[in-house]
Every structure is written in structure tokens, then in C-alpha cells.
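Down below is the structure, laid out as C-alpha cells.
None of the figures in this text is laboratory data; all of them are computed from the coordinates on show. Computed from a predicted structure; not experimentally measured. Please note: Cβ atoms are built from the backbone with ideal geometry, for glycine as well, and neighbour counts cover all protein chains shown.
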Amino acid sequence: MQTYLVGGAVRDHLLGRPVQDRDWVVVGATPEQMVAQGFVPVGRDFPVFLHPQTHEEYALARTERKSGTGYRGFVVHADPGVTLEEDLARRDLSINAMAARTLPDGSSTPDIRTLVDPCGGQRDLADKVLRHASPAFAEDPVRILRLARFAARFAQFTVAGDTLALLRAMVRAGEAEHLVAERVWQELAKGLMEDQPSRMFAVLRDCGALAVVLPEVDALWGVPQPPEHHPEIDTGVHVMMVLDCAALAKAPLEVRFACLVHDLGKATTPPAEWPRHIAHEVRSVRLIQGLAERLRLPHACTELAEVVAREHGNIHRSASLDAAATVRLLERCDAFRKPERFAQVVLACECDARGRLGYEQAAYPQGVRLLRALQQAQSVATDQIASAAQNAGARGPDIGRAVARARAQAVAALEAP
């Protein structure tokens, strides 16, 4: 019975990156032996156990054989006779198919002198290449998304030619169509949070998978925009620039998703109307709602994306709004009830403004003004305004209008010369 550190922990150690998660594989053991040592079984499809103290995952060495379509149909074989090399060969990428014993000092640091690397992962790390570990890669369509996600994390790595050919073959064979919503969103969400998320979408486009999993986004490429506002012209290029701007700003997932989908409606503009996109905001919201239902997106992501899609043009033009119109914009964004979310809306709009060729470092005074206006309007004692209006005989909408007037007066005072 031997225990090895495997996968990402070994890869990241070799790259000099912080090790976030540690996974272990146990060779030569049975489930009964693991339980006898205090490990807690948790795996349903194959034997995985939690360490009794660290709660890290320990999996028995195993092989897998595909028995159906998609990623659910697998026959798993795990027994003491499965070798470490056989276990590593079933993993996705060569850089994730390495294992090592740990240093004898009792730490969890890989002892590189014991490195087991049957698929050439160390070489591919040096060459900055993402390569499938074995032909078994093609048996699991989730690996298309995983590879694209790693391309976003390791932005300087290229996809090996034979691996790209394999991805395209998988898509042509219909494997990507078997992906279920939860797994698609799980991988997309992780990829959106990487350092250069546009690389994920570049890989998915290159192999044809983006048209299957996110056809609304895939349709943006080739759609022109007015060059006086968008020197990059292509809508797909613009959206990727916006997304990478959000990553540079260390934006949370909700903001990054909003950046990805804020212009979906432009893909539905009739070509005869190009490069203008009148009312694309309304169409974007409808597409976001359909996408959210299909992928079962978190409500926080959907709601923020809808606000950004609907109002980003108004927020860009908000410097010209008077105090009353500014308050109405804040109300439409539900900024008074959800000020933290409105700050995320502003951040997404700032990324949208900077996600244009030549505007990457441009100032965004609209955002500063709106956040100051919100803060000023929040200082109004709305309970007192409402009570006074009620005492004067106001009811329902009239009370709301009285509160809005007071807020507008406060905003106007802030901007008075």
C-alpha cells in the first residue's frame, strides 16, 4: 500500500505556484483496508475516502472504460492490482498526470526525486503545452471544458495540435451535446475566474464547442459595431476585451458573467441594420433569461447580468443626466435596496467602457458620479419624507414621488457649483 500526491498539486509545485488543493491516490489497497485505517468513504462511482484528520481526498488507483455516451457511462475498476501508471493514464492532461511521494519530513511537499510521469507532463510544462494524456481523453466531454479552463489559467500555454484535432473530432461526434447544465456552468464559472478568461472561449471556439454550449456567445463574432465607438469593430472581440478587463480588476463571478453576456442582443440585429444595434439591450435581457433557464444559473449572476444588459448604455451616458433622471436611473437599477450590487453594475459598465481598442486605461467618471449620487441620495431621511407626505394626504405613488424629489434635491445639491 503506497500513497502518492497526484495531479494539480504536483503540477503547481513544479511551476512554483501556490498549491491550493491536494489529491492523493493509493496503490495496492482495498476499501476495507482504508476503512480499517480510519478513512471515511464518500465516493459513489469509485472508491474515494476522506483522511480522518486532514479530510483531504484519497482515491484508490483505478481504471475506467467508457460504456455509454456523454460522461456518465463509465465502468470503473479499482483493486490492489491497478498500477499507478494505469491510474495516471486515464487523467485528462499530461500536466495533470504526474505523481510523487512526499518528502520524508512529514510535510505534504512533493519529493520530485520520486516523480512518476508516464505521459510527459514535465516536458509539456517546460514547453508550455496543453496535451491530452492519452486517447482516453475523448471518452469524457467535460474534458473539453476543462482543457479550455486550463488555457484561461495558463494563458501562455498553447494547445497541442493533435489535442486540438481530438477536441474537434469529439465535437463532430456529438460528445459536447451530452453535457448537462450543471457541469457546463461549473466549468464555465471556474474558467471565468481565471486570469485570462478570453482564452477559454478562444479554445472553445477553435474546436467548435462554443456553438454547442453557448451559441448566444458564439454568434457575437463577425457582428460589426460602429467604429467610432468600437475601434475593435467585432462584437465578439469586444466582449472578450471586456471580460479580460474584469479579470484584471479582480471582479467577482457575477460581474464577469455580466461582462460576458451584456451585448448578446447584438447577434440578433438584422445585418441590414449593421453596424448599429438599436434596442439590443432588450434583446440581450431576453437571451440572458433563456440562457439562465437552460444552464440553471445562480440568481445573483442572472439578476446582475440583466441589469447591466438593460442599463449599460444609460450608465455610459449618465454624465448628461440631471439630478431627477439620475435618481430614476438609480431606481431602475434597484440601487437603493441593493447598493452593493449597484457597485458591481458600475464595475461591469466600467469594464465595458474600457474593453475597447485604445480605451483600456481610460477613466470612467460616470461610475464615480453615480456612486457619489447614490451615497448622497441615501442620506435622505426617507421615512420622514414619507410620513410628512402621508400627513399631507398623499397616498401610494404620490409618496414615492415625494421621496424621489427629495433624493433628486440632494443629488442636485451635491453637484451645485
Query raised in the report: Calculated from DSSP H runs of 4 or more alone, at -39500 (n - 2.57) each and per residue, what is the 222 nm mean residue ellipticity of the chain, nearest 500?
Result: -15000 deg cm²/dmol
Report summary line: Computed for the stretch 2-122: size of charge dipole around the Cα centre, +1 on C-beta of each Lys and Arg, -1 on C-beta of each Asp and Glu, debye to nearest 20, value 260 debye
Query raised in the report: For the stretch 2-122, what does the alpha-carbon gyration tensor say about shape, rounded, prolate or oblate, given a ≥ b ≥ c as the root eigenvalues, a/c under 1.5 as rounded, and a/b over b/c as prolate?
Result: oblate
Report summary line: Across His230, His238, His299, the residue with the highest GNM fluctuation in the chain (Cα network, 10 Å cutoff) is His299
Query raised in the report: GluC sites (Glu not before Pro) within the stretch 313-417: which are DSSP loop residues with at most 14 other Cβ atoms inside 10 Å?
Result: Glu360
Query raised in the report: Among rounded, prolate and oblate, which fits the stretch 226-268 when a ≥ b ≥ c are the square roots of the eigenvalues of its C-alpha gyration tensor, a/c under 1.5 means rounded, and a/b larger than b/c means prolate?
Result: oblate
Query - Lys pairs, the chain - Cα-Cα below 27 angstrom, 8 or more residues apart or on other chains - result: 8
Query raised in the report: So for the chain: antiparallel DSSP bridges make up what percent, rounded to the nearest 5?
Result: 75 percent
**Report entry** Relative contact order %, the stretch 204-332, counting alpha carbon pairs below 8 Å whose residues are six or more apart
**Finding:** 20 percent
Report summary line: Exposed-loop cut sites defined as trypsin sites (Lys or Arg not before Pro) in DSSP loop states with at most 15 other Cβ within 10 angstrom; longest site-free run of the chain spans 129-249
Report task. Find the centroid of the Cα atoms in the stretch 86-125 and in the stretch 329-344, then give the distance between the two in whole Å. Result -> 49 Å
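Sequence gap at least 6, Cα distance under 8 Å: using those rules, report the relative contact order of the chain to the nearest whole percent.
Details: 693 pairs, mean separation 39.2, N = 417.
Here the relative contact order equals 9 percent.
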Report summary line: In whole angstrom, largest first, the equivalent ellipsoid semi-axes that the Cα gyration tensor gives for the chain are 49, 26, 19
